[in-house]
Amino acid sequence: MARLDGRAYDELRNVEFQTDFVRFPEGGVLLTWGNTKVLCCASVERFAPRHVPEGTGWVTAEYAMLPRANRERSRRDVSRLKLAPRSAEIQRLIGRSLRAAVDLTLLPDLTITVDCDVLQGDGGTRTASVTGGFVALALACRKLVADGVLIRSPIQHMVTAVSAGIVDERPMLDLCYEEDSQAQVDLNCVMNEAGHIVELQGTGEGRAFTVAEQRGLVELCQKGIEALQQMQKAALGGRI
């Protein structure tokens with residue numbers, strides 16, 4: 001099966017990180033991933049939530065899609081007085097993934113919130129938010145060290161995410177919207193630089209899938225993640 005944009009089945013869409021896209025956050029990046037565009041901004045606050053042990057910090061995330069990020073206008077989450085279930089689920093995924101990147105004991109009494117706002121959605125917004133969110137988080141931690149707030153960066157691991165799926169019985173990496181909407185199986189994978197899985201979300205959208213098929217999709221994701229991590233490092237000037 002030929003893909004709509006001519007890519008190979010194991011090929012990523014074009015990915016570009018633009019750091020310092022906005023002026024004020026401690027760390028920020030505009031991630032363009034195919035036709036998906038996500039603005040990720042990391043903000044530092046001088047307190048930690050009550051549930052966090054004293055002397056420890058916290059990393060969390062918020063996620064939203066602008067009303068015309070998609071083909072039809074969607075209502076803003078704030079107009080419903082609470083997050084839409086999809087947005088709430090995605091922002092929990094982003095927060096969990098980014099916390100896996102840091103040693104929270106090295107963020108004493110600080111909170112870093114990574115806002116991920118989808119400017120344009122064409123598939124893979126949650127994986128783009130994790131991938132871009134990590135770059136924003138690393139930049140914010142670097143600034144905290146440069147400003148003398150922290151002795152050293154709390155970043156321990158890179159975290160990176162990508163999707164894969166089975167479309168017309170063919171495994172494919174990095175699904176665009178048209179492919180995702182037709183996928184029989186959809187899988188999102190978050191990994192660190194050691195190739196260890198941080199989170200895995202797999203769904204049989206059109207049919208159930210086998211352990212062997214899951215393994216093949218994870219291997220596709222790992223290939224894409226390794227390439228994405230080189231791009232993350234380049235966006236960070238070659239170092240985390």
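The values are calculated or read from the model by the stated rules, or taken from the named source; none is laboratory data. As the structure is a computational prediction, the values presented were derived from the model and not from experiment. So basically every Cβ, Gly included, is an ideal-geometry build from the backbone, and we count neighbours across all protein chains shown. Just the protein is used for accessible areas: all its heavy atoms, side chains included, with ligands, DNA and RNA removed. Shrake-Rupley method; radii C 1.70, N 1.55, O 1.52, S 1.80 Å.
Per residue, how large is the accessible surface of the chain? Use a 1.4 angstrom probe and give square angstrom.
Details: 11650 Å² over 240 residues.
Heavy-atom accessible area per residue stands at 49 Å².
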Highest average packing first - 178-189, 45-56, 200-211, 130-141, Cβ atoms within 10 Å: 130-141, 178-189, 200-211, 45-56
Low-density loop cleavage sites - trypsin sites (Lys or Arg not before Pro) in segment 134-199, where at most 14 other Cβ are within 10 Å (DSSP): R152
Using θ = phi - 60° and Karplus 6.51 cos²θ - 1.76 cosθ + 1.60, couplings along segment 176-183 (whole Hz; Gly, Pro as x): 7, 4, 4, 5, 4, 5, 9, 5
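Summarise the accessible area of the chain (1.4 Å probe, protein heavy atoms) by the percent that is carbon and sulfur. Please report the intermediate quantities before stating the final value.
Details: 5690 of 11650 Å².
Carbon plus sulfur share of accessible area: 49 percent.
Looking at the chain, do any whole DSSP H helices span at least 18 angstrom along their long axis by alpha carbon and average -0.5 or above on Kyte-Doolittle, and which? Don't skip to the end; give the middle numbers.
On the way: long enough: 85-99 (21 Å, -0.68); 125-146 (31 Å, 0.99); 211-235 (35 Å, -0.21).
Once both thresholds are applied, what remains is 125-146, 211-235.
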Convex hull of Cα atoms in the chain, direction-averaged projection (nm²): 13.4 nm²
Solvent-accessible surface (1.4 angstrom probe) belonging to D5, in square angstrom, nearest 10: 80 Å²
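Using only Cα atoms, what is the ratio of the radius of gyration of segment 178-226 to 2.2 N^0.38 Å? Please report the intermediate quantities before stating the final value.
Working: Rg = 11.2 Å, N = 49, 2.2 N^0.38 = 9.7 Å.
Compactness ratio reported: 1.16.
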